[in-house]
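A short write-up of the structure that comes next.
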Amino acid sequence: MGEERQVMIETIDLHKYFKDQHVLKGISVKIYKGEVVAIIGPSGAGKSTFLRCINRLEEPSSGKIYIEGVDITSPRVDMNKIRSEIGFVFQSYNLFPHLTAIENIKLAPVHVRKIPEKEAEQKGLELLKKVGLEDKAHAYPDQLSGGQQQRVAIARALAMQPHMIFFDEPTSALDPEMIREVLDVMQNLAAEGMTMLVVSHELGFIREAATRVLVLADGCVIEEGLPRQLFNNPQHPRTKEFLSKIL
Amino acid sequence: MKTKNNEALKENCLEKTTWKERYGHWPWYRRYEFILVSFLALIAFGFALPRPGLPETLFQWLFIVFYLLLFLVWAGLILIDVEKPNWIKAIAATLILSLFGWLFYRYSGAQWDKLGYAFFNWKVLSETGSYGSTVTGWAELFQGLLITLQIAIFSAIFGTILGLFLAVFRSLNDPILNAFIIIWVDFFRAMPIIVLMMIIYYALPYLNITLSSTVSGIMALSLNSSAYISEIFRAGIESIHHNQVEAARSLGLTTMQTMRLVILPQAMRVVMPPLTSNYVAMLKDTAICSSIAIMELLKTAITLQAWKANPTPLVAATIIYLIILLPLARISTVLENKMKSKGITRSIRRQPKAA
Ligand SMILES: Nc1ncnc2c1ncn2[C@@H]1O[C@H](COP(=O)(O)OP(=O)(O)OP(=O)(O)O)[C@@H](O)[C@H]1O
Ligand SMILES: [Mg+2]
């Protein structure tokens, strides 16, 4: 854990307003290569907004965001290129319903990375195998269960060979028996050293896989620390209150 | 015990048992022999009906009504019989409707021969057509039809391309562009096509822009339909959930790639039914081109009618319009229904399943 670790994401005093609602109130964090950072906090704290600002699905109102050293709040930056290097997994999967699983996966590699169709298909099948769905390549999203859809969505994000992946409550729309299969895939990714930013309240997963936990409340990071330390010995009263509700 | 009961119930309710299976034979009034013989008897009876022309005595009137009622009872026996196949019912229904028509034709007292001479005088169309023509009226109408189709197809193509572009630019939510598009759409929707066509054909030459009548017609129809079609596409695009855009953008697709690869393919399903009915409407609107002297189907028919001093060409044109438009209208309804049922199966499928 030396000082020379590469910084993947750095936000400096990040603010976000929706009209006059102040949702993010100056967030400054650094996330290093290979870290798995869990973000927890009450509903409406701004967790989703924070993730979405970092790849500018939402425009940040003020502050600086550096992705691998590049200031992405500068107007000259090629946001499509940056986004193609950040995987994003949504709570509601957001697969493209008119495309099969394999077509979902190879769409971006073919059209953004300009990888030949054959090669993208090959890669896509490998990824499906990795998430345990090699037999579902030609199924449409509405023929898949929620857990299967979410695993296809993860494969779709991985197909771009991203440098980091954001997960926004990837399991909260799933039935309990499907949560495990998605978390397993995520845990494998973490073990491979992928940099991950995970909004989730799956404490089991956080304990096992997360290297750090951020607690977000009212648009501020009120506390951070190692999972075990934070769960067992929370400092901030709001963290205590929140944890007592979900533990 | 319970399952046995259930099975008995099932057998009673689900197995189709006909009268014949239950009793070994049909009741006499449902047998095909009876139906056929009574039909022949009714036909024979028909020869006793009064002569054509308005009946003179009350007795003759009563006789006709009685005959009609007998026939109605005969058809009714077939129509209300749930175990008769549909084709027999179709024949019975056709027969009873024809009988109505025939009785009306025979006893209404109308001057049918004169009506036929005026409106269904097909000879007019098999002679050579209007002034200086060397081909028959039918051939001229066919020429007109080709021009109608040509105008409709070109207008559909240009209108769709223009409408699609308007809708896509509208989705960019640029305030200046939006203002321009809203004005465009409202203007061309409010503008009667015939006025638009006349302005393009008769007024533009004063600005030194002279277009042929066909080009003017196509232009007016394209501009008009572009307004409607852009609204159709806009509704389609807006029906796609925003999270599809976010998923696409998060993968690094550009705005236009997102539109082309993700939004439009999904919107097409929503758009197809209204788009088809829009094309049907536009095919009808080609008739307006007759106002700027394009020799399309209607104008050809009007010219023939004037030259022959007989409206039969107009009747023929009507029939041709119907032959082409009816199937198209049908297709758009079928598409719409398909769309609806698809929507239903989708929402059914989306409910959580047992793993
Ligand atoms: N597009 C938007 N327009 C206006 N307000 C928004 C928008 N998105 C989020 N908000 C508001 O911002 C606040 C934070 O929302 P956010 O979705 O980031 O919370 P969250 O921490 O992810 O909550 P949850 O756990 O419920 O997902 C909420 O009060 C929400 O109403
Ligand atoms: Mg959220």
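The values are calculated or read from the model by the stated rules, or taken from the named source; none is laboratory data. These numbers were taken from a predicted model, which means no experiment stands behind them. Neighbour counts are summed over all protein chains in view; Cβ atoms, including those assigned to glycine, are modelled from backbone coordinates with ideal geometry. In case anyone asks, the SASA skips ligands and DNA or RNA and just uses the protein heavy atoms, side chains included. Shrake-Rupley method; radii C 1.70, N 1.55, O 1.52, S 1.80 Å.
What to note about this one:
- A viscosity of 0.890 mPa s and a temperature of 25 °C, combined with the Kirkwood radius over C-alpha pairs in the Stokes-Einstein formula, give chain B a diffusion coefficient of 91 µm²/s.
- Stokes-Einstein D in µm²/s, Kirkwood radius over Cα pairs - segment B:110-184 at 4 °C with 1.567 mPa s viscosity: 78 µm²/s
- Accessible area, probe 1.4 Å, largest first, for residues B:Tyr23, B:Tyr228, B:Tyr201, B:Tyr206: B:Tyr206, B:Tyr23, B:Tyr228, B:Tyr201
- Entry for segment B:39-88 at q = 0.17 Å⁻¹: log10 I(q)/I(0) = -0.61, Debye formula applied to identical alpha-carbon scatterers, no solvent contribution.
- Kirkwood Rh and Cα Rg combined as Rg over Rh, evaluated for segment A:71-158: 1.02
- Near B:Thr286, once Lys and Arg are set to +1 and Asp and Glu to -1 for all other residues with Cβ below 14 Å from its Cβ, the sum equals 0.
- Computed over protein heavy atoms with a 1.4 angstrom probe, the accessible surface ordering of A:Arg5, B:Arg249, largest first, is A:Arg5, B:Arg249.
- Counting only other chain Cβ atoms within 10 Å of each residue's Cβ, the peptide B:239-249 averages 5.
- Kirkwood hydrodynamic radius computed over segment B:23-110 comes to 14.3 Å, based on all pairs of distinct alpha carbons.
- Gained length - B:Tyr23 relative to B:Gln150, 0.36 nm times residue gap less alpha-carbon distance: 39.4 nm
- Restriction of the trypsin sites (Lys or Arg not before Pro) in segment A:46-90 to DSSP coil positions whose beta-carbon has at most 12 other beta-carbons within 10 angstrom yields A:Arg76.
- Mean-position separation - Cα centroids, segment B:139-178 and segment A:191-247, in angstrom: 57 Å
- A Förster distance of 45 Å, applied to the separation of the beta-carbon atoms of B:Met191 and B:Thr254, puts the FRET efficiency at 0.80.
- Residue list for segment A:203-247, given a label point 7 angstrom along the Cα-to-Cβ vector of A:Gln21 and an amide N cut-off under 19 Å: A:216-221
- Sites B:Leu326 and B:Asp174 - FRET efficiency at Förster radius 30 Å, r taken between beta-carbons, to 0.05: 0.10
- Distance between the 7 Å Cα→Cβ label points at B:Leu95 and B:Ile43: 0.9 nm.
- Proximity of backbone amide H atoms, modeled 1.01 Å from N, is registered between A:Phe167 and A:Val89, A:Leu197, A:Val198, A:Val199 at under 5 Å, excluding neighbours fewer than 5 places apart on the same chain.
- 5 Å binning of all Cα-Cα separations within segment A:1-110, expressed as whole percents from 0 upward: 2, 10, 18, 21, 18, 15, 10, 5, 1, 0
- In this structure, the residue pairs whose Cα-Cα separation is over 22 Å, taken from A:Lys25/A:Lys47; A:Lys30/A:Lys106; A:Lys30/A:Lys130; A:Lys16/A:Lys47, are A:Lys30/A:Lys106; A:Lys30/A:Lys130.
- Once both labels are positioned 7 Å from their Cα atoms along Cα-to-Cβ, the gap between A:Gln122 and B:Glu238 label points is 4.7 nm.
- Looking at chain A, the pairs of alpha carbons with a distance over 30 Å make up 27% of the total.
- For B:Phe45, the accessible area of its heavy atoms, probed at 1.4 Å with every protein chain present, is near 70 square angstrom.
- Sparse packing (at most 15 other Cβ atoms within 10 Å of the Cβ) combined with a DSSP loop state is found for the following GluC sites (Glu not before Pro) in segment B:15-81: B:Glu15, B:Glu56.
- Where only alpha carbons of segment A:149-247 are counted, the Rg and the Dmax (Å): 14.2, 42
- Values of log10 I(q)/I(0) for the protein assembly as shown across q = 0.08, 0.09, 0.12 Å⁻¹ run -0.85, -0.93, -1.19, by the Debye formula with one identical scatterer at each alpha carbon and no solvent.
- Under the span-like rule (Cα at least 15 Å along the axis, Kyte-Doolittle mean at least -1.0), DSSP H helices of chain B: B:32-46, B:58-79, B:86-107, B:137-171, B:175-190, B:213-238, B:264-285, B:297-308, B:312-349
- Residue order by solvent-accessible surface for B:Ile194, B:Ile263 is B:Ile194, B:Ile263, largest first, with ligands and nucleic acids left out and a 1.4 Å probe.
- Principal semi-axes of the equivalent ellipsoid, √(5λ) from the alpha carbon gyration tensor of segment B:182-306, are 38, 17, 11 Å from largest down.
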